[in-house]
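The structure appears right after this line, and notes come after that.
The values are calculated or read from the model by the stated rules, or taken from the named source; none is laboratory data. All of these numbers come straight from a predicted model, not from anything done at the bench. Note: ideal-geometry Cβ built from the backbone for every residue, glycine included; neighbour counts use all protein chains shown. Accessible surface is based on the protein model in full, side chains and every heavy atom, while ligands, DNA and RNA are left aside. Shrake-Rupley method; radii C 1.70, N 1.55, O 1.52, S 1.80 Å.
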Amino acid sequence: MGAGHQHQLYLPGDSVVHRLPPQCKLLAVFAFALVVVATPREGFWAFAVYAVLLAGVAAAARVPLPYVLRRMVIEVPFVLFAFFIPVIGLGERTTVLGLSLSVPGLWAAWNILAKATLGVVASILLAATTEPRTILLGAQRLRLPGLLVQIAMFMLRYMDVILDEMRRMRVARESRGFEARDLRHIPVLARSAGALFIRSYERGERVHLAMLSRGYDGQMPIIHDMSASVRQWGTALALPAVALATWGLTW
């Protein structure tokens, strides 16, 4: 894979988590997320255990805390939404720091923040320990629709190519004195977008013909062995298994 953007989330390493097959990590994260979502919002101690489990995975994978925190910025919209819920919520009210807040809204905000944060951290750890293309190969091993996996692979592979094409078009416009300042320049940008679409479509046709000429029959070849041993499955599924046991104690 030549796409340069694929390494922005991936943190190269040789830890036990990095070495796990991608299908094991995908299934483990998915099962862990299901357990987190199913946990009652009143189970504070259960959420604390989940956080400790993720911290243990981060330590085993040697993923530093600042790395995780920087990438949790994606959660900011959820945090802002959660903070507004107690303010505009209905039902019983309580006073916190001089503000009248909805009790059901506070519970809803806590529920969103706790579960979203755990899910985001689990996804960050997955991305930090598994290359994007390898994640897609793992999804293929888990019998996800092959066509969807191939589309995602090509999107990942050619994203940088399309972005580089956009950059060259922008440089060409600016070298001719163009600068988008107001609505009058929208037609120029629209024509550029149309030209980019046509170029991308034609590139896709050429790539498809090249694949057919090389014997493509609807299935992408798997070069490396992606099989997982029982021990590797057990190591990966230990995370959702402990989380499930914790969830069971909340009932």
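Where (1) -0.27, -0.35, -0.44, -0.54; (2) -0.49, -0.60, -0.72, -0.83; (3) -0.35, -0.44, -0.54, -0.65 are the candidate values, the label of the one calculated here for log10 I(q)/I(0) by the Debye sum over Cα atoms at q = 0.08, 0.09, 0.10, 0.11 Å⁻¹ is (2). Let's see if you can work this out: charge +1 on each Lys and Arg Cβ, -1 on each Asp and Glu Cβ, no other charges. What is the dipole magnitude of the stretch 119-211 about its Cα centre, in debye to the nearest 20? Its charge dipole is roughly 140 debye. Using Cβ point charges alone (K and R +1, D and E -1), the dipole size of the stretch 12-92 about the Cα centre works out to roughly 360 debye. With viscosity set to 1.567 mPa s at 4 °C, what whole-number translational diffusion coefficient in µm²/s follows for the stretch 108-251 from Stokes-Einstein and a Kirkwood radius over Cα pairs? D, rounded to a whole number, is 64 µm²/s. Toward the positive end of the charge dipole of the stretch 1-152, with +1 on the Cβ of Lys and Arg and -1 on the Cβ of Asp and Glu, the farthest Cα among 116, 80, 64 is that of 64. The residues of the chain expose, per residue, 62 Å² of accessible area to a 1.4 Å probe. Note on the chain: dipole from Cβ charges, positive end direction compared against 138, 188, 37; the farthest Cα belongs to 188.
If the only charges are +1 at each Lys and Arg Cβ and -1 at each Asp and Glu Cβ, what is the size of the charge dipole of the chain around the Cα centre, to the nearest 20 debye?
480 debye
A straight line joining the Cα centroids of the stretch 87-155 and the stretch 227-246 runs 21 Å.
Given contacts defined as C-alpha pairs under 8 Å and at least six residues apart, what's the relative contact order of the chain, whole-number percent?
36 percent
Rounded to 0.05, the FRET efficiency of the residue 55 and residue 103 pair, given R0 = 51 Å and the Cβ-Cβ distance, is 0.95.
Scoring 79-90, 122-133, 197-208 by mean Cβ neighbours within 10 Å over their residues and listing the highest first yields 122-133, 79-90, 197-208. When the solvent-accessible area of the chain is split by element, carbon and sulfur atoms take up 68 percent of it, the probe being 1.4 Å.
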